[in-house]
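Here is the structure we will look at.
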Amino acid sequence: MLKFTQDHEWLLVDGDAATIGITQHAQEQLGDLVFVELPKPGRSVDAGAAAAVVESVKAASDVYAPIAGEIVEINQAVVDEPSLVNLDPMGKGWLFKMKIADRSQVEALMDEQAYRTLVDSAAST
Amino acid sequence: MRAGIRSCCTGAIMSDVVASDRLKHTPLYQMHLDLGARMVPFAGYEMPVQYPNGILKEHLHVRAAAGLFDVSHMGQFEIRSRNGDSEGVARALESVVPMDIVGLASGRQRYALLTNEHGGIRDDLMIARLEDRFLIVANAACKDADEVYLREAMSHACTIERIEDRALVALQGPGAEAALAELAPDVRSMRFMDFRTTDVMNVACFVSRSGYTGEDGFEISLPASHAEAVARELLKNTNVAMIGLGARDSLRLEAGLCLYGSDLDTTTTPVEAALEWSIQKARRTGGSREGNFPGAQTILHHLVSGVPRRRVGLRPEGRAPIRHGAKLFSDQDVADAIGVVTSGGFGPSVNAPVAMGYVTSAGDVAGGTIYADLRGTRVPLRLSALPFISTTYKR
């Protein structure tokens with residue numbers, strides 16, 4: 001199941017874990033990434049807490065944890081090569097994985113249709 | 001670093017604009033849209049921050065080939081004598097800048113600083129001289145205040161005309177000369193900081209051999225009505241690409257060049273800013289036209305006795321950029337800051353984060369390593385010479 005947040009993160013459920021990244025729209029808005037800072041595995045985060053930082057040439061942006069849970073794995077590939085997030089934000093450019101603390105928080109996130117509507121309506125303003 | 005004193009200029013690349021204000025457009029606005037630019041508000045204008053290739057590619061293209069920038073938002077002024085006395089105009093200009101303008105030859109340009117009575121900097125400018133006038137280029141966010149100030153200070157000696165019907169573009173990079181020479185062959189004979197009128201596509205333009213990237217290149221002032229035609233003709237050369245303000249900022253940072261509003265403001269004096277090279281001998285203590293500019297007492301004292309703080313280059317260790325506003329410390333644990341970062345980001349040509357900041361002059365910086373606060377953690381940075389890249393000015 002693929003879910004989205006208002007802040008342009010995506011979350012892919014796989015059993016009791018979730019993979020998190022930033023969306024195509026987000027990477028387009030940010031431009032070329034030059035640095036990614038990921039959370040330490042073992043850290044527990046609240047829903048909506050700043051969990052990672054992605055930096056473009058011009059600015060740093062926070063990536064928020066869509067749900068509460070414990071960070072279990074990070075994607076070293078994007079630390080080594082931040083441009084991977086631009087190239088494949090929904091796939092190889094994933095940022096971190098977390099254990100889902102509360103399933104209902106996942107249900108409450110936007111589905112793909114709702115996210116697309118959000119992006120399209122932002123584009124037309 | 002700005003210490004609450006109101007600066008007339010914001011160096012921020014994304015300045016806030018009240019929603020109801022209409023943003024101004026340069027003569028190349030439509031062309032930017034046609035080329036797929038991402039437009040942002042900057043100094044009251046809608047300006048291209050990048051084109052579809054993105055900032056990294058644009059930056060690298062300038063250093064490898066040739067980049068074309070629209071900088072028409074900047075202020076252009078023509079200063080003329082009221083009675084044919086060019087020296088009188090030069091002296092009037094010397095009353096507002098600590099530079100040698102009397103000695104600036106016709107056909108030459110000089111970097112200049114408008115100072116205030118405390119020795120701080122109101123704006124940084126280019127001043128160029130032709131037989132019958134001086135041309136000034138000022139920062140976009142400062143041009144309104146500069147105009148008021150120049151009129152107050154100099155109207156008795158000269159006429160000051162704000163030029164609203166000319167565009168300003170910059171062509172920068174190792175391929176700039178070849179590209180511009182296709183339209184204006186005589187630019188090949190220009191050396192760094194030469195200034196002349198020349199025809200480009202049968203249109204009279206002002207051309208200087210100068211820029212804001214650390215590369216060889218030209219800045220061209222031309223009638224607004226011809227700007228798009230000239231720009232599109234230059235872009236027909238496959239070596240030339242349109243470059244936005246995002247890459248303009250990363251290029252100038254790598255070149256160690258100051259951005260007014262970030263590295264310079266009304267509280268920074270020229271020697272603190274490591275710009276003493278721009279104050280020629282004639283205006284210094286013992287020179288033939290010593291002093292007689294705003295803040296002379298402070299600035300001349302700084303030239304002789306040194307300064308409490310100084311602009312330096314900084315190379316963060318690791319990959320994280322350290323940006324404007326980050327506090328600087330002599331060690332990992334000390335509480336008191338010794339300075340602040342005034343410009344910082346990622347340098348695509350250096351392929352590493354680079355920054356500039358001010359640090360206190362005392363020897364707090366043993367071993368050349370200091371620390372910046374980055375999101376609550378102290379990160380080491382090494383003091384670095386400026387520029388971070390080799391400049392290629394055609395001297």
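Residues are listed down the side, and each one gets a yes or a no for (1) polar (S, T, N, Q); (2) within 14 Å of chain B (Cβ to nearest Cβ); (3) in contact (Cβ under 8 Å) with a residue 60 or more places away in the chain; (4) buried (at least 21 other Cβ atoms within 10 Å of the Cβ):
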site: A:Gln29; (1), (2), (3), (4): yes, yes, no, no
site: A:Ala50; (1), (2), (3), (4): no, yes, no, no
site: A:Val53; (1), (2), (3), (4): no, yes, no, no
site: A:Ser61; (1), (2), (3), (4): yes, yes, no, no
site: A:Gly69; (1), (2), (3), (4): no, no, no, yes
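Restricting attention to the stretch B:50-85 and to residues that are of a type in the set (Val, Ile, Thr) and not in a strand (DSSP E or B), the residue that is surrounded by the fewest Cβ atoms within 10 Å (Cβ to Cβ) turns out to be B:Val71.
Only one of these is small (Gly, Ala, Ser), assigned to a helix (DSSP H, G or I), within 18 Å of B:Asn139 (Cβ to Cβ) and modelled with pLDDT of 95 or more: B:Gly246, B:Gly211. Name it. Of the residues listed, the single one that is small (Gly, Ala, Ser), assigned to a helix (DSSP H, G or I), within 18 Å of B:Asn139 (Cβ to Cβ) and modelled with pLDDT of 95 or more is B:Gly246. The residues of the stretch B:225-269 that are among the acidic types (Asp, Glu) and under 30 Å from B:Gly119 (Cα atoms), listed by number, are B:Asp249, B:Glu254, B:Asp263, B:Asp265. For the stretch A:56-67, indicate whether the set of residues that are out of contact with any strand residue (DSSP E or B) (no Cβ under 8 Å at 6 or more places or on another chain), modelled with pLDDT under 95, in a helix (DSSP H, G or I) and not basic (Lys, Arg) is non-empty. There is no residue in the stretch A:56-67 that is out of contact with any strand residue (DSSP E or B) (no Cβ under 8 Å at 6 or more places or on another chain), modelled with pLDDT under 95, in a helix (DSSP H, G or I) and not basic (Lys, Arg). Is one or more of the residues making up the stretch B:327-340 within 14 Å of another protein chain (Cβ to nearest Cβ), aromatic (Phe, Trp, Tyr), touching a strand residue (DSSP E or B) at 6+ places or on another chain (Cβ under 7 Å) and under 30 Å from A:Ser56 (Cα atoms)? Within the stretch B:327-340, not a single residue is within 14 Å of another protein chain (Cβ to nearest Cβ), aromatic (Phe, Trp, Tyr), touching a strand residue (DSSP E or B) at 6+ places or on another chain (Cβ under 7 Å) and under 30 Å from A:Ser56 (Cα atoms).
Mind listing just one residue for me: the one in the stretch A:30-55 that is of a type in the set (Asp, Glu) and assigned to a loop (DSSP other than H, G, I, E, B) and, of those, farthest from the chain's Cα centre (by Cα)?
A:Asp32
On the stretch given as the stretch B:188-217, residues that are more than 23 Å from B:Arg248 (Cα to Cα) and of a type in the set (Val, Ile, Thr) total 4.
Close Cβ contacts (under 7 Å, 6 or more residues apart or on different chains) running from residues in the stretch B:50-64 that are more than 10 Å from every other protein chain (Cβ to nearest Cβ) to residues that are among the hydroxyl-bearing types (Ser, Thr, Tyr) comprise B:Leu60/B:Ser349; B:Val62/B:Thr213; B:Arg63/B:Ser349.
The values are calculated or read from the model by the stated rules, or taken from the named source; none is laboratory data. Since the model is a prediction, treat every value here as computed from it, not as a measurement. All Cβ positions, glycine included, derive from the backbone under ideal geometry; neighbour counts span all protein chains shown.
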